[in-house]
Amino acid sequence: MTDSSTNMRLKLPIVCFILEIILIILFGVLVEYDHDTDAKLFNGKTPNSHGHGGHATGTSRNSTPQTAHNDYENDFYYRYPSFQDVHVMIFIGFGFLMTFLQRYGFSSVGFNFLIAAFSLQWATLMQGFFHGLHDGKIAIGVESMINADFCTGSVLISFGAVLGKTSPIQLLIMAIFEVTLFAVNEFILLSLLGTRDAGGSMTIHTFGAYFGLMVTRVLYRPNLDKSKHKNSSVYHSDMFAMIGTIYLWMFWPSFNSAITEHGDPQHRTAMNTYYSLAACTMSTYAMSSLTAHDGKLDMVHIQNAALAGGVAAGTAGEMMLTPFGSMIVGFLAGIISVLGFKYLSPILEEKLKIQDTCGVHNLHGMPGILGAIVGAVTAAAVPKDVYGDGLKKVFPDVASGSRDTSYQGGMQAISLAITLGIALLGGLIVGFILKLPVLGAPRDNACFEDNVYWEVPGEEHHHHQEELTTVRTEEVEKLNT
Amino acid sequence: MTDSSTNMRLKLPIVCFILEIILIILFGVLVEYDHDTDAKLFNGKTPNSHGHGGHATGTSRNSTPQTAHNDYENDFYYRYPSFQDVHVMIFIGFGFLMTFLQRYGFSSVGFNFLIAAFSLQWATLMQGFFHGLHDGKIAIGVESMINADFCTGSVLISFGAVLGKTSPIQLLIMAIFEVTLFAVNEFILLSLLGTRDAGGSMTIHTFGAYFGLMVTRVLYRPNLDKSKHKNSSVYHSDMFAMIGTIYLWMFWPSFNSAITEHGDPQHRTAMNTYYSLAACTMSTYAMSSLTAHDGKLDMVHIQNAALAGGVAAGTAGEMMLTPFGSMIVGFLAGIISVLGFKYLSPILEEKLKIQDTCGVHNLHGMPGILGAIVGAVTAAAVPKDVYGDGLKKVFPDVASGSRDTSYQGGMQAISLAITLGIALLGGLIVGFILKLPVLGAPRDNACFEDNVYWEVPGEEHHHHQEELTTVRTEEVEKLNT
Amino acid sequence: MTDSSTNMRLKLPIVCFILEIILIILFGVLVEYDHDTDAKLFNGKTPNSHGHGGHATGTSRNSTPQTAHNDYENDFYYRYPSFQDVHVMIFIGFGFLMTFLQRYGFSSVGFNFLIAAFSLQWATLMQGFFHGLHDGKIAIGVESMINADFCTGSVLISFGAVLGKTSPIQLLIMAIFEVTLFAVNEFILLSLLGTRDAGGSMTIHTFGAYFGLMVTRVLYRPNLDKSKHKNSSVYHSDMFAMIGTIYLWMFWPSFNSAITEHGDPQHRTAMNTYYSLAACTMSTYAMSSLTAHDGKLDMVHIQNAALAGGVAAGTAGEMMLTPFGSMIVGFLAGIISVLGFKYLSPILEEKLKIQDTCGVHNLHGMPGILGAIVGAVTAAAVPKDVYGDGLKKVFPDVASGSRDTSYQGGMQAISLAITLGIALLGGLIVGFILKLPVLGAPRDNACFEDNVYWEVPGEEHHHHQEELTTVRTEEVEKLNT
């Protein structure tokens, strides 16, 4: 299963080394500690607001009278637990969710690991650059770490669409471009348009899904059925995938609330997401059973659709959506997602030639759009006075009087269109770049197979079978004589 | 392995949809954000004490002079990390602990997921209802989320007793009733009797275990040995189960301390539980080896009994038990639990016809009772002045002078009896309800088998064996000619 | 696979019971709650600085004007999330990292569990004793829990070196001595020499690695190749091991920052480690591919070398290393570690007779030394004024004027030498103690095999093969007649 085109011996080291050396140089030139991580700034100055980073527009930490920088008010203590939950989602959640394939576990976890480690560094630079340099420098801290992980999540969603059909070099190239475009789109939405999208229904999920779907469309393989027998799960691989699912499910409340404003918005977002996911799980089980001819539950649905409630609560989660509204959103997301896996994915593959390995359209695409719409409607429909003085933390532009709620809702809707546009156009271009044969994509009959890029150990039970074979052969020979 | 009685195609969707729609309607009518999650209330009022939720009797967050609601004092930051640890225990811990069966991994994790997602919603309502409406509404926040997860834990303990022998519909029906009775029992103990049970030795573990044991008694299957060959582990299933065990073990300190008062009680509870578990692990290994004829360790003991120290520290953990006392409690819990698995469980099955799949009696039942007794003794025996001014956070009724420590100890003991009574009576009734044939229980020869309710993928190594068979047959045929 | 020498039936229970009873007695005599966990002290006194525990030299929590002990300033809220991350690394991280062997998963996770549960109790006493009794008592809280887990980590590193070749009794004996020597070394470095080593590049990693390497050298087995076929991975065991790897990788920022001073040092340490690990992952993938003749990635490298960046940032992580410096350190650590696995480990085994099962020399040994050197250089080279007023939190002795930065750097370098000396000498002595035949080490042909100390369940697919065998035999017999 080794051929020269997929041999990574020179290509992969060169790409990794060059990328990392560029990153190191750029970090040396451009990056500095922010006010909460620098020994001198933290202890020597009165604190400033520091609104770098992607999603949050500025923390409200200085609402109490200031005396001096207090160690216990370091943003570390109010963001780091959320960061670690997000971190687990990125590396365990996404990584193991994709291990469902029978012989692609090393690649699923391992390539996830590689491209995430690259993307979080690159995203630090791109997001820092697009969201404003301070004296020519990018100031970083826990909030930028969360934002970098978020951007990485978007790349990993796209990875799900092309899973099993790409080389690690292709994935790194994809990550370079996708991170960049993610930062551009995020900048347009959050900074230029004043859109709210704390949990990234648009910026992360919709963007990552449609970008990946377009890439996999361009990389369409008419003869992918040569690897068809590998493109399915086995019992244990489904169990490993459930580790990913459950971690994503549990920590999604932390994901959606990780970079909201402090206080009630963060608390509310986590709780809304919690109930959205619970309702989504109920409708997922119902639909999975309903759409099976014998009523049996399908692991594909449980592993994926039960998470759609988190995606769909990504925009409106910080708003006054209420648990009631959150549950309705999650309930619908689960239904849409299962229907997508059951009926839409086969059509997309047959008619539109979109080979979406993990079904990211059903988990991130449609639920992301649903989340964006819910966000626009919630922004427009909930009266200002429901928020009271808390309005400035959720809709600062509405609170300042520079726009009204329906204008905010309109901006949210426009943001969805922009996101779809950038994702599809970006995916189109990047897809063609990835077609370069030098990038080492696997052959049609070697997709979904770790063996192409990994040393794979023998299976223990082969020993038994070999012994068995030996014994049998001897007996057969004895019979022959 | 499909027959009409276990076909869930219509039944499960109908049950899930109806339940979720009822939940959504009730949430719409009854539930509102609390003072820490509502944008208006949080930012517009001076904070009130908000003692909703089950176990805690009111937070002491307002001990410093009040100026205004500070974003950094939102209870989110002081409870949410504990909540997430508890959440992991519920979904990963319980879910994977039960995957030890060789062909029941999908159901263990998957049904755990389903009934937990339902129970946490239903528990929010039941606990909110029994612990007092505010202006006709249930106000929710991170504390109610922890309490809902706690109640869910109780249902999952009962699930352990009936594991492998029930349909998902039976489990949902069980959850409906058990959550309700849990809330009743919790209300009697914590609100009416002023009992302390922060980690739920009584309310969660004793209740869940004896409820489940009674249900499985009523559902007794005389011909369960038809599925005997499935009622055991294989190598990899034991490894998956260890994931559950280790997560439960690690996060138990967070579990027991999640809804204690803030400050020293939360800190102390976590630490007491940490040492109780460490001592329990030592005695578990000792007993597992001692009770095996060849001295070999038994995975069943390690997976379960090593956790008994957490259960047994559930009531007294917040008290001035000292690390010394905690270690004695854990040490005893490990011994009792292993002895239970080795000698008592077979007797319970043979004589009392209690088929306790996971041995919840040994992990949650007896250690829960031990924990309740330790709690009563500690409450009664430790002099008031050991607590100093901290007494009001642990025993507010003693601190206020309305009862003395021995009265408190007596109440704790009575609470154990009440819990046992409600659990056993409730389990009896619910067990008979679950006997309804329409609920789709598996046949005696199809227990402990995912295939009944799940699409199960083929095993990879079957391919090899089929090839082997083919080759052999050909050779044999060649010989014949 | 049972013989009398490895039969643990009496030995293991006796050792466990005696050890635990001694621990309980010593805890009863020596241990008390600290100011943050005691009900009376916490609520009754003005807070003191309480600098017990190993690595931190005193918290700076009282920098704001004191009024009274505030529940929200309890150190629990500022350390416990870090503690839980460290806890996961100890029990899941180390435990599962070692499950890569095909038939040693029960032992890897199970013995890891046992010796960690013992070590954390014993470490509480040893560290408390060496770092100063208060009125004859050891005062404990969340910081001492973290330190106990750290010390445990060191023992588990040594476990990695001897993995598969030792009985649980040998491991417990090793832990007794190693914990003690760890506390001595830590005391010399942190208390006597004023060395900084927040993440333990020296005290934890270098110490644990060289101690374990010397132990395995003394326990050299010339006929270990009798177990050679077991000393390798299978597909699923590598997947389980990746769970350990990813958890270690994700939570290493919490590990290195868990007991730094509060505020900017903790924040900075976590961030430096995050970038060091990301860079290390990139160079690990590059080197793994580069050093394989066919360019295929090797799971051994990914599982281990990608973590070296965390080890190497253990000392300098809290200093003003900058993300730029951190990335360079991580980049180099990954390269060194892969080269070690590929070229140095075989030499160590052949020439120096060091059978290092997990390659701890490559993951903890060399990267630990690198980290110590980086720490010494960073301490000496970064000018004082870069830290501003924050200097006292990182280098209190330099801030107080009692030493200059180059003196501090010199102390850091001397500390590395002391650590190596104590580790090697200690390992030598303990190695000879472990050679006692009564301790029940496995035979040369039974290494890397769970079956020696564990009840191991049959494999499901054996049933199929037995059926196959039966059928074949019948057919062959039929042919014979």
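From the P(r) of the stretch C:107-203, could you give the percentage of C-alpha pairs in the tail past 17 Å?
Roughly 49 percent, rounded to a whole number.
Tell me the relative contact order for the stretch C:350-420 as a rounded percent, counting alpha carbon contacts under 8 Å between residues six or more apart.
Relative CO of the stretch C:350-420 lands at 36 percent.
Read phi for every residue in the stretch B:445-454 and hand back ³J(HN,Hα) as whole Hz from Karplus 6.51 cos²θ - 1.76 cosθ + 1.60, θ = phi - 60°, with x for Gly and Pro.
Listing the rounded values in order: 8, 10, 6, 6, 9, 4, 3, 5, 10, 10 Hz.
Efficiency by 1/(1 + (r/R0)^6): what FRET value for B:Tyr343 and B:Leu10, r their Cβ-Cβ distance, R0 = 45 Å, to the nearest 0.05?
Efficiency at R0 = 45 Å is approximately 0.50.
Can you compute the equivalent ellipsoid semi-axes for the stretch A:79-159, i.e. the square root of 5 times each eigenvalue of the Cα gyration tensor, sorted largest first and rounded to whole Å?
Each semi-axis is the square root of five times an eigenvalue, giving 27, 13, 8 Å.
Give the average, rounded to an integer, of partner chain Cβ atoms located within 10 angstrom of each Cβ in A:326-337.
2
How high is the relative contact order of chain B, given as a whole-number percent (alpha carbon pairs under 8 Å, six or more residues apart)?
21
Would you pull out the residues with amide H under 5 Å of C:His134's amide H, same chain only if 5 or more places away, H placed 1.01 Å from N?
Long-range HN contacts for C:His134: C:Ala139.
Between their Cα atoms, which of A:Lys296/B:Lys228; A:Lys296/A:Lys342; A:Lys296/B:Lys11; C:Lys11/C:Lys230; B:Lys11/B:Lys137; B:Lys165/B:Lys353 are more than 21 Å away from each other?
Details: A:Lys296/B:Lys228 23 Å; A:Lys296/A:Lys342 13 Å; A:Lys296/B:Lys11 11 Å; C:Lys11/C:Lys230 26 Å; B:Lys11/B:Lys137 33 Å; B:Lys165/B:Lys353 14 Å.
As for pairs spanning more than 21 Å Cα to Cα, those are A:Lys296/B:Lys228; C:Lys11/C:Lys230; B:Lys11/B:Lys137.
Compare the Cα positions of A:Ala372, A:Cys151, A:Tyr77 along the charge dipole of chain A (+1 at Cβ of Lys, Arg; -1 at Cβ of Asp, Glu; about the Cα centre) and return the one farthest towards the positive end.
Sorting the options by dipole projection puts first A:Ala372.
Would you please classify the overall shape of the protein assembly as shown from the alpha carbon gyration tensor, given that a ≥ b ≥ c denote the square roots of the eigenvalues, rounded means a/c under 1.5, and beyond that prolate means a/b larger than b/c while oblate covers the rest?
rounded
Computed on protein heavy atoms with a 1.4 Å probe, what is the summed buried accessible area for the chain pair C and B, in Å² to the nearest 100?
The contact between B and C buries close to 7600 Å².
Calculate the FRET efficiency for C:Asp385 and C:Ala417 from the Cβ-Cβ distance with a Förster distance of 22 Å, rounded to the nearest 0.05.
My answer for the efficiency is 0.15.
In units of 2.2 N^0.38 Å, what is the alpha-carbon radius of gyration of the stretch B:334-454? Intermediate values should be presented prior to the final figure.
Numbers: Rg = 20.7 Å, N = 121, 2.2 N^0.38 = 13.6 Å.
Normalised Cα radius of gyration, the stretch B:334-454: 1.52.
Averaged per residue, what accessible surface does the protein assembly as shown expose to a 1.4 Å probe, in Å²? If you can, show how the numbers build up before the last one.
Numbers: 41310 Å² over 1443 residues.
I get 29 Å² per residue for this part.
What's the magnitude of the charge dipole for the protein assembly as shown around its Cα centre, counting Lys and Arg as +1 and Asp and Glu as -1 at the beta-carbon? Answer in Debye, nearest 20.
Working: 84 positive and 123 negative charges, 19 e Å.
Here the protein assembly as shown has a charge dipole of around 100 debye.
Taking the DSSP beta bridges in the protein assembly as shown as the whole, what percent of them are antiparallel, to the nearest 5?
Bridges in the protein assembly as shown are about 35 percent antiparallel.
Hey, any idea what % of the stretch C:224-362's accessible area is carbon plus sulfur with a 1.4 Å probe?
64
Counting other Cβ atoms within 10 Å, keep those with at most 14, restrict to DSSP loop, and tell me which chymotrypsin sites (Phe, Trp or Tyr not before Pro) in the stretch B:145-252 are left.
B:Tyr220
List the residues of the stretch B:235-258 whose accessible area drops by at least 50 Å² when all protein chains are present, compared with their chain alone, using a 1.4 Å probe and counting only protein heavy atoms.
Buried-area filter returns B:Tyr235, B:His236, B:Met239, B:Phe240, B:Ile243, B:Ile246, B:Tyr247, B:Trp249, B:Met250.
With N residues in the stretch A:96-141, what two-decimal value do you get for its Cα radius of gyration over 2.2 N^0.38 Å?
For the stretch A:96-141, the normalised Cα radius of gyration comes out at 1.69.
For chain C, what log10 I(q)/I(0) values come out of the Debye formula at q = 0.10, 0.11, 0.14 1/Å, with one point per alpha carbon and no solvent?
Each listed q maps to, in turn, -0.74, -0.88, -1.35.
State to the nearest 20 debye the size of the charge dipole of chain C about its Cα centre, where the only charges are +1 on K and R beta carbons and -1 on D and E beta carbons.
1060
Please work out the FRET efficiency for the pair B:Asp444 and B:Ser191, using the Cβ-Cβ distance as r and a Förster radius of 41 Å; give the result to the nearest 0.05. Mind showing how you got there, number by number?
On the way: r = 43 Å, r/R0 = 1.06.
Plugging the Cβ-Cβ distance into 1/(1 + (r/R0)^6) gives 0.40.
Provide a whole-number value for the mean count of partner chain Cβ atoms within 10 Å of the Cβ atoms in peptide C:15-22.
The shielding value for this peptide is 6.
Quick one: if you stick a label point 7 Å off each Cα along the C-beta vector at A:Lys228 and A:Phe432, how many nm between them?
A separation of 3.2 nm, rounded to one decimal place.
Placing +1 at every Lys and Arg Cβ and -1 at every Asp and Glu Cβ, with all other atoms neutral, what dipole size does the stretch A:188-327 have around its Cα centre, in debye to the nearest 20?
Magnitude of the dipole: close to 520 debye.
Keeping the other protein chains in place, figure out the carbon and sulfur percent of the accessible area of the stretch C:95-155, with a 1.4 Å probe.
63
Going by a ≥ b ≥ c, the root eigenvalues of the Cα gyration tensor, does the stretch C:152-273 fall in the rounded group (a/c under 1.5), the prolate group (a/b larger than b/c) or the oblate group?
On the way: a/c = 3.14, a/b = 1.44, b/c = 2.17.
Oblate, because a/c is 1.5 or more while a/b does not exceed b/c.
Kyte-Doolittle mean at least -0.5 and Cα extent at least 24 Å along the axis: which DSSP H helices of chain A qualify?
A:11-30, A:105-130, A:142-162, A:168-186, A:235-257, A:264-290, A:322-339, A:405-434
With the cut-off at 1.5 for a/c, could you classify the stretch C:274-409 from its C-alpha gyration tensor as rounded, prolate or oblate?
prolate
The values are calculated or read from the model by the stated rules, or taken from the named source; none is laboratory data. Computed from a prediction, not measured in an experiment: that's the story for all the values here. Neighbour counts are summed over all protein chains in view; Cβ atoms, including those assigned to glycine, are modelled from backbone coordinates with ideal geometry. Keep in mind that these areas ignore ligands, DNA and RNA; they rest on the heavy atoms of the full protein, side chains included. Shrake-Rupley method; radii C 1.70, N 1.55, O 1.52, S 1.80 Å.
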